[in-house]
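J.: What follows is a single structure, and I will ask about it in a moment.
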Amino acid sequence: MDKILSRVSTAAGALAAGAFTVNSCIYNVDAGERAVLFDTLRGGILPDVRDEGTHFIIPVIQRPVIIDVRTKPREIPSVTGTKDLQMVNIKLRVLWRPVIEKLPQLYRELGTDFDERVLPSIGNEVLKAVVAQYNAEELLSKRAEVSGRIKQELIKRGAHFHLTLDDVAITHLTFGREFMKAIEQKQVAYQEAERQQYVVLKAEQERIASVTRAEGEAEAATIITKAMEKTGNAIVEVRRIDAAKEIATKLASGRNITYLPGGSAGGVGSPGLLLSIDK
């Protein structure tokens with residue numbers, strides 16, 4: 001019985017040692033990742049890149065380094081000056097990924113945190129160089145052009161460090177307090193100028209209307225004078241009749257109209273009166 005237990009324990013120990021050895025000799029590379037090997041006997045990082053899947057290594061001598069190669073976003077803030085010496089606070093959103101074929105060299109030169117070492121420095125460098133070529137107003141009116149130039153320059157700089165930039169865009173752009181105050185004052189002055197222009201145009205239109213009205217009245221007076229010269233007082237009588245009709249129409253529409261007949265005093269008859277009595 002003791003012999004059986006001894007054999008079982010020996011087999012279990014051998015099995016555990018074998019499982020540990022096998023586990024030490026293999027490693028997995030997940031989706032979206034690549035691996036480079038550090039070999040102590042062959043002088044450090046090997047030049048080949050291991051793809052996704054399970055791979056073998058020599059324990060103790062070789063060590064895998066797993067690197068994420070998926071596209072990742074990064075925000076790069078910067079405070080820089082424009083061509084007209086205005087300070088601007090600008091932020092870039094960069095979508096980047098490492099060049100897979102250059103992973104051994106990238107790891108050898110920069111380590112695994114290469115994005116922390118490279119992107120902030122080249123981002124600030126390119127932003128300061130490009131923004132300095134535009135004044136503050138052009139940054140707003142030519143934002144697409146500025147973003148395109150920044151993207152072009154960043155792609156060139158990133159290629160030197162074996163990084164691929166899929167997209168670069170300006171996500172935040174603000175100016176200093178003094179510049180914003182100057183813009184506000186300029187807008188107020190522009191609105192005031194527009195208002196003054198409207199006042200001038202309105203006065204001009206009123207002047208033209210007054211002249212036109214005066215010319216019309218003068219022409220009407222001339223016509224009336226000529227008519228009176230031809231017909232005598234007939235036109236005056238016509239106007240009197242029209243005025244009487246208008247007064248009669250207004251009185252007829254009133255509800256509180258009282259008629260007081262006239263009397264005679266000293267043989268002279270007085271006309272009757274129409275009174276409007278309000279409640």
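The values are calculated or read from the model by the stated rules, or taken from the named source; none is laboratory data. Every value quoted in this text rests on a predicted model; they were computed, and no experiment measured them. Cβ atoms come from the backbone with ideal geometry, glycine included; neighbour counts cover every protein chain shown. Just so you know, the surface numbers come from the protein's heavy atoms only, side chains and all, with ligands and any DNA or RNA stripped out. Shrake-Rupley method; radii C 1.70, N 1.55, O 1.52, S 1.80 Å.
J.: Given the conditions (1) within 28 Å of L154 (Cβ to Cβ); (2) in contact (Cβ under 8 Å) with a residue 12 or more places away in the chain; (3) touching a strand residue (DSSP E or B) at 6+ places or on another chain (Cβ under 6 Å); (4) not acidic (D, E), report the number of the one that V79 does not fulfil.
T.: With respect to (1) within 28 Å of L154 (Cβ to Cβ); (2) in contact (Cβ under 8 Å) with a residue 12 or more places away in the chain; (3) touching a strand residue (DSSP E or B) at 6+ places or on another chain (Cβ under 6 Å); (4) not acidic (D, E), V79 is out only on (2).
J.: Only residues in the range 83-103 that are among the basic types (K, R) count as the first member; pair them with residues that are open to solvent by 80 Å² or more (accessible area, probe 1.4 Å), Cβ under 7 angstrom, at least 6 apart or cross-chain, and list the lot.
T.: Filtered contacts from the range 83-103: K83/Q133; K91/E75; R93/P73; R93/E75; R97/R70.
J.: Now for a separate question. Go through (1) assigned to a helix (DSSP H, G or I); (2) open to solvent by 30 Å² or more (accessible area, probe 1.4 Å); (3) among the β-branched types (V, I, T) one by one and return the number of the condition T164 breaks.
T.: Only one criterion is unmet by T164, namely (1).
J.: Now for a separate question. Considering only residues that are assigned to a loop (DSSP other than H, G, I, E, B) and either charged (D, E, K, R) or open to solvent by 50 Å² or more (accessible area, probe 1.4 Å) (or both), which ones fall in the range 62-95?
T.: Of everything in the range 62-95, those that are assigned to a loop (DSSP other than H, G, I, E, B) and either charged (D, E, K, R) or open to solvent by 50 Å² or more (accessible area, probe 1.4 Å) (or both) turn out to be R70, T71, K83, D84, L85, Q86.
J.: While we're on this one: Restricting the search to the range 30-41, which residues are farther than 13 Å from I100 by Cβ, surrounded by 12 or more Cβ atoms within 10 Å (Cβ to Cβ) and charged (D, E, K, R)? Full working, then the answer.
T.: Let us first name the residues in the range 30-41 that are farther than 13 Å from I100 by Cβ, namely 30-31, 37-41.
Imposing the further condition that a residue be surrounded by 12 or more Cβ atoms within 10 Å (Cβ to Cβ) reduces the set to 37-39.
Hit for the range 30-41 is D39, nothing else.
J.: Shifting gears a bit: Mind telling me which of the residues A221, A182, A203 ends up being modelled with pLDDT under 70, aliphatic (A, V, I, L, M) and outside any loop (DSSP other than H, G, I, E, B)? Even if it seems obvious, please write down each step before you answer.
T.: Numbers: A221 fails: modelled with pLDDT under 70; A203 fails: modelled with pLDDT under 70.
So the residue among A221, A182, A203 that is modelled with pLDDT under 70, aliphatic (A, V, I, L, M) and outside any loop (DSSP other than H, G, I, E, B) is A182.
J.: Determine which single condition P98 fails, assuming it passes every other condition in (1) open to solvent by 50 Å² or more (accessible area, probe 1.4 Å); (2) closer than 17 Å to L165 by Cβ; (3) over 26 Å from the mean Cα position of the chain (by Cα).
T.: (1)
J.: Then there is this: Do the conditions hold for Q105, that is, is it part of a helix (DSSP H, G or I), open to solvent by 20 Å² or more (accessible area, probe 1.4 Å), touching a strand residue (DSSP E or B) at 6+ places or on another chain (Cβ under 9 Å) and among the polar types (S, T, N, Q)? Talk me through it step by step, then tell me what you get.
T.: Numbers: part of a helix (DSSP H, G or I): yes; open to solvent by 20 Å² or more (accessible area, probe 1.4 Å): yes; touching a strand residue (DSSP E or B) at 6+ places or on another chain (Cβ under 9 Å): yes; among the polar types (S, T, N, Q): yes.
Yes.
J.: Please specify each residue of the range 186-200 satisfying the condition of being closer than 21 Å to E137 by Cα, open to solvent by 100 Å² or more (accessible area, probe 1.4 Å) and not charged (D, E, K, R).
T.: Correct list: Y190, Q191.
J.: State whether one or more residues within the range 139-161 are open to solvent by less than 40 Å² (accessible area, probe 1.4 Å), in a strand (DSSP E or B) and closer than 30 Å to R63 by Cα.
T.: No: the range 139-161 contains no residue that is open to solvent by less than 40 Å² (accessible area, probe 1.4 Å), in a strand (DSSP E or B) and closer than 30 Å to R63 by Cα.
J.: Okay, moving on. Quick one: G32 ticks every box in (1) within 30 Å of L92 (Cβ to Cβ); (2) touching a His at 6+ places or on another chain (Cβ under 8 Å) bar one, so which box is it?
T.: (2)
J.: Quick test for you: out of N28, N23, N89, pick the one residue that is of a type outside the set (S, T, Y), under 56 Å from the mean Cα position of the chain (by Cα) and at pLDDT below 80. Outline the logic, then answer.
T.: Details: N28 fails: at pLDDT below 80; N89 fails: at pLDDT below 80.
The unique qualifying residue is N23.
J.: A further question on this structure: Return only the number of the condition from (1) of a type in the set (A, V, I, L, M); (2) over 30 Å from T174 (Cβ atoms); (3) touching a residue at least 24 places away in the same chain (Cβ under 8 Å); (4) surrounded by fewer than 16 Cβ atoms within 10 Å (Cβ to Cβ) that I57 does not satisfy.
T.: Unmet for I57, out of (1) of a type in the set (A, V, I, L, M); (2) over 30 Å from T174 (Cβ atoms); (3) touching a residue at least 24 places away in the same chain (Cβ under 8 Å); (4) surrounded by fewer than 16 Cβ atoms within 10 Å (Cβ to Cβ): (4).
J.: Which members of the range 205-222 meet the condition of being under 57 Å from the mean Cα position of the chain (by Cα) and open to solvent by less than 60 Å² (accessible area, probe 1.4 Å)?
T.: Just the residues of the range 205-222 that are under 57 Å from the mean Cα position of the chain (by Cα), to begin with: 205-216.
Within the range 205-222, A209, S210, A214, G216 meet the criteria.
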